[in-house]
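See below for the structure under consideration.
The values are calculated or read from the model by the stated rules, or taken from the named source; none is laboratory data. Every value quoted in this text rests on a predicted model; they were computed, and no experiment measured them. Every residue, glycine as well, gets a Cβ built from its backbone with ideal geometry; the counts of neighbours run over all protein chains shown. Heavy atoms of the whole protein, side chains included, go into the accessibility calculation; ligands, DNA and RNA do not. Shrake-Rupley method; radii C 1.70, N 1.55, O 1.52, S 1.80 Å.
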Amino acid sequence: MKFTDGYWQLRPGVTVLRPGAVESVEPDERSFTVFAPIGRITGRGDTLNRPVVTVRFFSPAPGVVGVTVGHHSGGLPKQPRFALAEQTGHPMQVEVTGLSARLTTGELTVRVALTGPWQVDFLRGDRLVTSSTERSIGVVTDADGDKYVHDRLALGVGETIYGLGERFGAYVKNGQTVEIWNADGGTASEQAYKNVPFYLSSAGYGVFVDHPEHVSFEVGSEVVSQTQFSVPGQSLTYHVIDGPSPKDVLRRYTALTGRPARVPAWSYGLWLSTSFTTSYDEKTVTEFIDGMAERDLPLSVFHFDCFWMRQFHWVDFIWDPATFPDPEGMLRRLHERGLKVCVWINPYIAQRSYLFEEGRQAGYLVRNPDGSIWQWDKWQAGMALVDFTNPDAARWYADKLKALLDMGVDCFKTDFGERIPTDVLWHDGADPQRMHNYYSYLYNKAVFELLEAERGTGEAVVFARSATAGGQQFPVHWGGDCESTFVAMAESLRGGLSLAASGFGYWSHDIGGFEGTPDPTVFKRWIAFGLLSSHSRLHGSGSYRVPWAYDDEAVEVLRRFTRLKLSLMPYLAAAADEAHREGIPVMRPMILEFPDDPTTAYLDRQYMLGPDLLVAPVMSGDGQVTYYVPAGTWTNLMTGAQVTGPGWVSEKHGFDTVPVLARPGAVIPFGSVTDRPDYRWADGVQLRLYAPTPGQRTRVRIPSPDGGPGTEFEVHHQDGRATAEVVTGVSSGYSCEITEVAK
């Protein structure tokens, strides 16, 4: 939210209180609090009728400095709050001298000047990271009498900002106003399904604003040399998270807000959907699956979208008897074909659903202030909303899903969760403004934890659309409703890169786009992008996404890239293991791997898949693509062509190839199976070296599909030969070679 009129003036009706010189500081062993009156104090009379801004500095975790800025502190505490894994007892130091107050945790120090104007510096050693200066903090009253608090942190020359959730506009957030408020706006607007009040800086730090409610960010868009963040009320808490590298920031941030769970091996295979409004029954589904098998197209998951239930009954979790008269038998038949099954759900209860009255009588639905059930007619007639702040309601909802699991369903697409009203009452007294975004966390948590309880740790997976901070613990998330165009393909990738920079480890999107029907060229180009993502799904709105509906070549393209992905499972599993253990995403913005290469700062049409594969999706009808390669010799896995960076490359690709390049010196493990993702990845693995350096020794760890310790190889390049040996674990046969052409 903007409060100023240019640099010097405020907007009409706005007043701002800003801290002047520090009056006093009160330290303890693990924090200190600064009291800064408005304006200067020259005598006792100046202490009368003068507001004081109170700022507390603390450390919730190593390398993280928390800051709470407050005015009046007598307000009632508000819930919910983000569930943070704060650490107690970690090493830190508080020091107060005549000139400054300091708190040091890890390599990060916050220093508050105790003389002169307001000045707070965040330092790594002696190097300034960012700072809050004389005009940064503001306690605001607007023209309507509403209260806000903001702080502003300095932007350095050339510093770029990323993240703030899954945002489909410009990948670099400098110059933008970003509102953290979940909305169902598609991928073609400034609205976002997944809003995260966290940003990542190219300067090697991050900032997490610890507020579930509406947070407004002005990234160099109100004061061009600062990033401002503001919240309603009279208190603001944020955390400055140290690096020094962007990866280090994500490690610390996800240690605080939660790491992505490990997901089952089968989930990395190809998902095929009925699509949304298309007509389907078991005969249609069987024809799709038979068609995939007849064309030798590996398929892992079949998804039933909304109309597996009766229209106007969403959700009642009852298979439409007219369309699916024998759901148990159908699910058994799908399992006999080696498929997993996903079904669509959401947290809304239509008035016609039998669950509406059941939930109303039990007090499981969100209420209006007068005690009646909140309802509207958007999405479903008379739609109500499950109140997940009520533990009994969460169990009730989960029990309905458990019946589906018992029937044979394997996972759920947790759609929606963004249309959350703010004029309602919640069971636990939660603040409605805070619940708007936070609802997505409770919704996905309830479903994911049910799957873990029923299927086991590492065997739970959802396909979620809405999220906020902490939601990365409940994967997978997909990019929502995009059009079936190259433009939408590019905006989807920007959303995925922004989400990855916000701590989310896995991400997917609808191959071919959701809205409309893609022409065959768009569909075939999107296939490569979809299969070179962490998770891959064929899904549309009013048209099917089986490849033969487009042309015969689409079948060949899908087969080629599906088998490529399945052969890369040893590599992808290692990248996913890193996401689970360290919070580093599978699909990575280029700046995560190459933070010292300034060209990577603005790259939003390519990404790293894991640490060693560069992917540049082709987003043009004629196959032309231009992408950037960092220093060294890079090798295309599919063609063997080599390019040497740093520099830009322009190429033309047919539908059967795409720029997917191995990093110089990379060892890429290729699996021995190409028709399913869930196999013993270390058995028969081929370790391929790309542009190695003489004497290079590389450790390669391949996880076990069941989450066990896995197998680690050491690969040695010497005298033009490559050798490998097992360091830990077991492998039933393996090979090693220096190669330029993937087989």
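Table for the structure above
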| item | result |
| --- | --- |
| Residues (open to solvent by less than 30 Å² (accessible area, probe 1.4 Å), closer than 27 Å to residue 163 by Cβ, part of a strand (DSSP E or B) and free of Cβ contacts under 8 Å to residues at least 60 places away in the same chain) located in region 614-633 | 614, 625, 627, 628, 629, 630 |
| Test: residue in region 185-195 that is in contact (Cβ under 8 Å) with a residue 60 or more places away in the chain, in contact with a Phe, Trp or Tyr (Cβ under 6 Å, 6 or more places away or on another chain) and of a type in the set (Ser, Thr, Tyr) | yes |
| Residue identified as of a type outside the set (Gly, Ala, Ser), open to solvent by less than 40 Å² (accessible area, probe 1.4 Å), in contact with a Leu (Cβ under 8 Å, 6 or more places away or on another chain) and modelled with pLDDT of 95 or more among 160, 130 | 130 |
| Members of region 638-671 that are over 31 Å from the mean Cα position of the chain (by Cα) and among the hydroxyl-bearing types (Ser, Thr, Tyr) | 639, 644 |
| Subset of region 98-120 that is open to solvent by 20 Å² or more (accessible area, probe 1.4 Å) and in a strand (DSSP E or B) - its residue that is nearest to residue 41 (Cα to Cα) | 113 |
| Residue in region 668-682 that is touching a strand residue (DSSP E or B) at 6+ places or on another chain (Cβ under 6 Å), on the phi < 0 side of the Ramachandran plot and surrounded by fewer than 21 Cβ atoms within 10 Å (Cβ to Cβ) present | no |
| Neighbours by Cβ (under 8 Å, 6+ apart or cross-chain): first from region 363-375, touching a residue at least 12 places away in the same chain (Cβ under 8 Å) and farther than 14 Å from residue 420 by Cα; second in a loop (DSSP other than H, G, I, E, B) and open to solvent by 40 Å² or more (accessible area, probe 1.4 Å) | 363/427; 369/423 |
| Filter pass, residue 167 being open to solvent by 10 Å² or more (accessible area, probe 1.4 Å) and either in contact (Cβ under 8 Å) with a residue 40 or more places away in the chain or under 16 Å from the mean Cα position of the chain (by Cα) (or both) | yes |
| Unmet criterion (only one of (1) open to solvent by less than 50 Å² (accessible area, probe 1.4 Å); (2) closer than 22 Å to residue 512 by Cα; (3) in contact with a helix residue (DSSP H, G or I) (Cβ under 7 Å, 6 or more places away or on another chain)) for residue 654 | (3) |
| So residue 324, is it in contact with a Gly (Cβ under 8 Å, 6 or more places away or on another chain) and open to solvent by less than 50 Å² (accessible area, probe 1.4 Å) | no |
| Every pair of residues 6+ apart whose Cβ atoms lie under 7 Å, when the first sits in region 137-148 and is in contact (Cβ under 8 Å) with a residue 40 or more places away in the chain and more than 10 Å from residue 232 (Cβ to Cβ) while the second is open to solvent by less than 40 Å² (accessible area, probe 1.4 Å) and acidic (Asp, Glu) | 137/151 |
| Strands (runs of 3 or more DSSP E) fully within region 1-96 counting 3 or more residues that are closer than 26 Å to residue 231 by Cα and not hydrophobic (A, V, I, L, M, F, W, C) | 31-37, 52-61, 64-70 |
| Restricting region 322-368 to residues that are part of a loop (DSSP other than H, G, I, E, B) and over 34 Å from the mean Cα position of the chain (by Cα), the residue that is farthest from residue 289 (Cα to Cα) | 352 |
